[in-house]
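Student: This is the structure I have questions about; it appears just below.
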Amino acid sequence: MRILFLDLDTLRPDHLGCYGYPRNTSPNIDEVARRGVRLDNYYCSNAPCLPARAALITGQFGIRSGIVGHGGTAADLRLDGRSRGFRSALDRHSLWSFLRAQGLRTASVSSFPERHSAWWFNAGLTEWLNPGRGGMDSAEEVTPLALDWLERNARCDSWVLHVNYWDPHTPYRAPAEFGNPFADEPVPEWMTQEVLDKHRSLPGGHGARELNMWNDHAPPQYPRHPGQVETMDDFRRMIDGYDCGTRYMDGHIGMLLNTLADADVLDDTAIVVTSDHGECLGELKCYGEHGTSDYVTHRIPMIVAWPGCRTGHADKGLHYNLDLGPTLADLLGQPPRPEWQGASYAQTLKSGADCGREHLVLEQSCHGAMRSVRFGPWIYIRVIHDFYHLYPREMLFNVEEDPHEQHDLAEQRGDVRDRAARLMLDWHDDMMSRLPDAVDPLWTVMREGGPLHSRGQLRAYCERLVATGRGEHVQALKARHPDEFSAPGGR
């Protein structure tokens, strides 16, 4: 068995041709989709980068693994405690450890472990090849390492190669010489100057006036990435920057696929294409960021081309990223690890059967702190920390009719809102009843001063709001976050 695992950071499925995007951003990924199964409703249980990959590798929700944040206690795995033996439990239930136990040589090309000090990511890897730029890698720095490995190992019988590209992630980094193949193509129609002007009048991290999270600094070495979005031309620059990153990365993916074809093993190699999380490009007033627990941030692509399974099939069922481990186990004829909390969708890949869940519970605790429920056409979002956007406590969107989350229906559809809140409560009760120490790491984040990317920022940000003509929001932010406003600024 050979598996090429393409882990494409910050990739939105709705910006890929195989998911219906009109721009030609992904010809090589689209070809993989034609060879396999495309899952249309696939979500990371926890967002963004660190919690998402923790869920993938541990097979556990963040509330169980302990990783829901980007800093503090909740950025580390929950300790085994007294039950820890000579090796930790992760040695048994890491995705890589499981695959290695099936006789596969496990290798990864990724700077993710170093970016987040997430050394547990390497548990079960036989080889780790680090591009060495801590997530600031561009594809031309990743591909040579992957090609070298494939040229030496492609014809071997049993391996999995994980390749992590970052090009769609901020700051948008496709080299200048790549040009802009989308310069003459329209931008998404939902954004208008009127919508943009409204967003620019409002507060919040990574808003239209602060693409650098809390200021409008534009890194000169990344000219595709603006410091703020003032006009529709600026919006185009941001969208084109994101799409160019995707298309540039896709060309490098083509090099990997060609290497497998040249080795005469492409048809015998399983290919998995996925991401850690999506990217808000104006949705919920966030620009070039993944700081909310919403439909756009949590929804990710999942394409599986597995020898002997369905081809050209699209699945509509609801799935988590942590379902991958049980699915691979099923495909390999093995039982899943008992520590895993996911469910197999192997029958979807084999026969097209519907293996989807009735609902999903999702979480973000790195920029804001929120949980959401995805069910039917709906996403319900419960806000604990608002990333200084002054979001209401509860939001509800019909994402089939309103995929860019412009129309909050929480007040109009109280029946749906209340049903979702009950689903979240039931999930939380079930999760808490299974925890060894009954500590919810989301609330650990809040007790330690709030989400890392918001911590210590409010006082200086309120000064910026005044300086940029938005001072009318300062009192509301002070009232909602009194302890944070009185705390010393800076980190």
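Here, each number is a calculation from the coordinates, and none is a lab measurement. Computed from a predicted model, the values in this text were never measured in an experiment. Backbone-built Cβ (ideal geometry, glycine too); neighbour counts: all protein chains shown.
Student: Filter the range 44-60 down to the residues that are within 14 Å of the chain's Cα centre (by Cα), part of a helix (DSSP H, G or I) and not aliphatic (A, V, I, L, M), then identify the one that is surrounded by the most Cβ atoms within 10 Å (Cβ to Cβ).
Tutor: It comes out as Pro51.
Student: Filter the range 76-97 down to the residues that are surrounded by 22 or more Cβ atoms within 10 Å (Cβ to Cβ) and either in contact with a Cys (Cβ under 9 Å, 6 or more places away or on another chain) or part of a loop (DSSP other than H, G, I, E, B) (or both) and list them by number.
Tutor: Ser94
Student: Within 22 Å of the chain's Cα centre (by Cα), polar (S, T, N, Q) and assigned to a loop (DSSP other than H, G, I, E, B), is that true of Ser344?
Tutor: Yes.
Student: Next question. I'd like the full set of residues that are touching a Ser or Thr at 6+ places or on another chain (Cβ under 8 Å) and either within 9 Å of Ala346 (Cβ to Cβ) or crowded, with 22+ Cβ neighbours inside 10 Å (or both), limited to the range 325-336.
Tutor: Result: Pro326, Thr327, Ala329, Asp330.
Student: Here are some conditions: (1) buried (at least 20 other Cβ atoms within 10 Å of the Cβ); (2) touching a helix residue (DSSP H, G or I) at 6+ places or on another chain (Cβ under 6 Å); (3) farther than 24 Å from Ala54 by Cβ. Ala353 meets all but one. Which one does it not meet?
Tutor: Status for Ala353: all satisfied but (1).
Student: Name the residues in the range 1-21 that are surrounded by 19 or more Cβ atoms within 10 Å (Cβ to Cβ), hydrophobic (A, V, I, L, M, F, W, C) and in a loop (DSSP other than H, G, I, E, B), would you?
Tutor: Correct list: Leu11, Leu16.
Student: When you go through Asn41, Asn24 one by one, which is the residue that is part of a loop (DSSP other than H, G, I, E, B), surrounded by fewer than 20 Cβ atoms within 10 Å (Cβ to Cβ) and in contact with a Gly (Cβ under 7 Å, 6 or more places away or on another chain)?
Tutor: Criteria check complete, one pass: Asn24.
Student: Those residues that are hydroxyl-bearing (Ser, Thr, Tyr) and farther than 11 Å from Ser275 by Cα, I need them from the range 42-62; list them, please.
Tutor: Ser45, Thr58
Student: Within the set of pairs 6+ apart or on separate chains, which have a first residue in the range 372-387 that is assigned to a loop (DSSP other than H, G, I, E, B), a second that is surrounded by fewer than 24 Cβ atoms within 10 Å (Cβ to Cβ) and of a type in the set (S, T, N, Q), and C-beta atoms under 8 Å apart?
Tutor: Partner pairs satisfying both residue conditions: Pro377/Asn398.
Student: Being more than 29 Å from Arg78 (Cβ to Cβ), touching a residue at least 24 places away in the same chain (Cβ under 8 Å) and either polar (S, T, N, Q) or surrounded by fewer than 19 Cβ atoms within 10 Å (Cβ to Cβ) (or both) narrows it down to one residue among Arg100, Arg133, Arg155; which is it?
Tutor: Arg155
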